[in-house]
Amino acid sequence: MVTLDTSLEVTVDGSGERVRLVLVVENGGHEPVRVTFRDSGGADFAVRTADGEEVWRWSDGRALAQALRPAEFAPGESAAFETEWPDPEPGDFTAVGELRVREAEVRAETPFSV
């Protein structure tokens, strides 16, 4: 069973012209956690409106190498994955960050406003 702690930090720049998303994944356990990334993306990010409509997804329109890539998180080890949502619309949203691994759903969600 894959157990990794996740958090998603969302920062809206002062002008509201871009939103920075950072997914942090950490092995808070006492044993190594092995995962297999599904592709070269590492993590994916999406933004949804309050009613659940997806308005942006990082991976849309991207060609990702479809190569399985094993990785291991040692106890206490963490990794950060980040991207930016350029030219966001004003409103209330939920950001979703998900590790693109085969073994389990590893994700975090955070509400935010632009």
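The values are calculated or read from the model by the stated rules, or taken from the named source; none is laboratory data. Everything numeric here is computed off the predicted structure, so don't read it as measured data. Neighbour counts run over all protein chains shown; Cβ positions are idealised from the backbone, glycine included.
What the table shows:
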| item | result |
| --- | --- |
| Scan of the range 70-114 for residues that are of a type outside the set (Phe, Trp, Tyr), farther than 24 Å from Thr3 by Cα and touching a Lys or Arg at 6+ places or on another chain (Cβ under 8 Å), ordered by number | Glu84, Pro86, Asp87, Pro88 |
| Per-region count, the range 42-69, residues closer than 20 Å to Thr3 by Cα and modelled with pLDDT under 90 | 3 |
| Matching residues, the range 64-81, being exposed (fewer than 13 other Cβ atoms within 10 Å of the Cβ), assigned to a loop (DSSP other than H, G, I, E, B) and acidic (Asp, Glu) | none |
| Single residue of the range 20-58 satisfying the filter (among the small types (Gly, Ala, Ser) and part of a loop (DSSP other than H, G, I, E, B)) that is nearest to Ser78 (Cα to Cα) | Gly28 |
| Those residues of the range 1-19 which are of a type in the set (D, E, K, R) and either surrounded by 17 or more Cβ atoms within 10 Å (Cβ to Cβ) or farther than 16 Å from Ser78 by Cβ (or both), in sequence order | Asp13, Glu17, Arg18 |
| Output for the range 1-19, where each listed residue is without any contact (Cβ under 8 Å) to a residue 60 or more places away in the chain, charged (D, E, K, R) and not in a strand (DSSP E or B) | Asp13 |
| Cross-chain or 6+ apart pairs with Cβ under 7 Å, the range 44-64 first and within 16 Å of Val12 (Cα to Cα), then assigned to a loop (DSSP other than H, G, I, E, B) and among the hydrophobic types (A, V, I, L, M, F, W, C) | Phe45/Trp58 |
| Residue tally, condition under 23 Å from Gly28 (Cα atoms) and of a type in the set (Val, Ile, Thr), over the range 43-95 | 0 |
